[in-house]
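Heads up: the structure comes next, in structure tokens.
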Amino acid sequence: MARARLLSDPERIGVYGGTFDPIHRTHVDIARAARDFARLDRVLFVVAQVPPHKQGEVFAEAEDRFGLVEAAIAEEPGLEASRIELERSGPSYTADTLRQLQAEHPGAELFLILGYDSMIDLPRWRDPEGILSRARLLVVPRPGAEAEVAAVLHSHYDLLPFDTSTISSTEVRRRVAADESIADLVPDAVDQRIHDLKLYHARRRHATS
């Protein structure tokens, strides 16, 4: 049984990055699972301004995506939307974000929340050594995953207890464009905001640079 947290313990901060284009129920469920599993004081949803792996493939403006995240987690204790990458120019590299968070929260313990496939690809990201030196990885498992975990990642990650989900941002966008209900895919506040702002209706990409 985990011991109780003490006031003198360092702050434990989860870092959950992505385009969130748009955020959906599974994103929120993953953040809750990470918060509870790792006893995090808070989880930061870091909305990417210019995602390095998805340039040219973002469908809503960064500020609109950030607003959807705020709406989704407004009533969720310990979950916060972060503007750290929106206020930084250039591609949104995770290594740079963790370095900045470490400087802004000295002494805090950082936990990077990501999917299994992203974890497997992490050795090809910018400055993987810097990422692993600054944050413990909390990994969302993928059923049937067979990809071998690189040796450099061994002892740096924990698998979250999390059931798989078929919800995706792609399916949310498809339904909106087809004028179908998304009530079962996104929090109610996100559903309302998407329709109020007429996001994703035209299925038109927004520039990311």
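Nothing in this text is a laboratory measurement; each read-out follows from the coordinates by a stated rule. What you see is a predicted model, and the numbers here were worked out from it, not measured in a lab. Positions of Cβ are backbone-derived with ideal geometry, glycine not excepted, and every protein chain shown enters the neighbour counts.
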Check: If you take the charge dipole of segment 155-195 about its Cα centre, with +1 on Lys and Arg Cβ and -1 on Asp and Glu Cβ, which of Y157, P187, V176 is farthest toward its positive end?
Finding: V176
Checklist line | Other-chain or far-sequence residues with amide H under 5 Å of A81's (modelled H) | finding: F45
Next item on the list: Provide the per-residue ³J(HN,Hα) series for segment 34-42, in order, calculated from phi with Karplus coefficients 6.51, -1.76, 1.60 and θ = phi - 60°, each as a whole number of Hz, with x at glycine and proline positions.
Entry: 5, 4, 6, 5, 9, 6, 7, 6, 7
Check: Near the amide H of L159, under 5 Å away, which other amide H atoms are found, from residues 5 or more places off or on another chain, if H is placed in the peptide plane?
Finding: V139
Next item on the list: Figure the gain on full extension for R126 and E61 (residue separation times 0.36 nm, minus the Cα-Cα span) and round it to one decimal in nm.
Entry: 21.0 nm
Margin query: How tilted is helix 188-197 with respect to the longest principal axis of the chain? Cα atoms for both, answer in degrees (0 to 90, nearest 10).
Written below: 50
Next item on the list: Could you compute the FRET efficiency for D117 and A178, with r as their C-beta to C-beta distance and R0 at 22 Å, rounded to 0.05?
Entry: 0.20
Margin query: Can you compute 3J(HN,Hα) from phi for each residue in segment 57-72, using the Karplus curve 6.51 cos²θ - 1.76 cosθ + 1.60 with θ = phi - 60°, rounded to whole Hz and x for Gly and Pro?
Written below: 10, 9, 9, 9, 4, 4, 5, 5, 5, 5, x, 5, 4, 4, 5, 5
Next item on the list: Please turn the phi angles of segment 160-172 into ³J(HN,Hα) values with the Karplus equation 6.51 cos²θ - 1.76 cosθ + 1.60 (θ = phi - 60°), one per residue in order, whole Hz, x for glycine and proline.
Entry: 6, x, 8, 7, 5, 9, 9, 5, 9, 5, 4, 5, 4
Next item on the list: Find out how many positive minus negative residues lie around S89, taking Lys and Arg as positive, Asp and Glu as negative, among other residues whose Cβ is under 14 Å from that of S89.
Entry: -1
Margin query: For G115, what residues show an amide H to amide H distance below 5 Å, using hydrogens built from the backbone and excluding near sequence neighbours?
Written below: V140
Next item on the list: Would you work out the relative contact order for the chain, in percent, from Cα pairs under 8 angstrom that are 6 or more residues apart?
Entry: 28
Check: Roughly how big is the chain's charge dipole about its Cα centre, with Cβ charges of +1 (Lys, Arg) and -1 (Asp, Glu), in debye to the nearest 20?
Finding: 260
Item checked: Computed label-point distance, nm, for sites R99 and A74 using a 7 Å Cα→Cβ extension -> 3.7
Check: For segment 74-113, what is the charge dipole size about the Cα centre, in debye to the nearest 20, if Lys and Arg each add +1 at the Cβ and Asp and Glu each add -1 at the Cβ?
Finding: 220
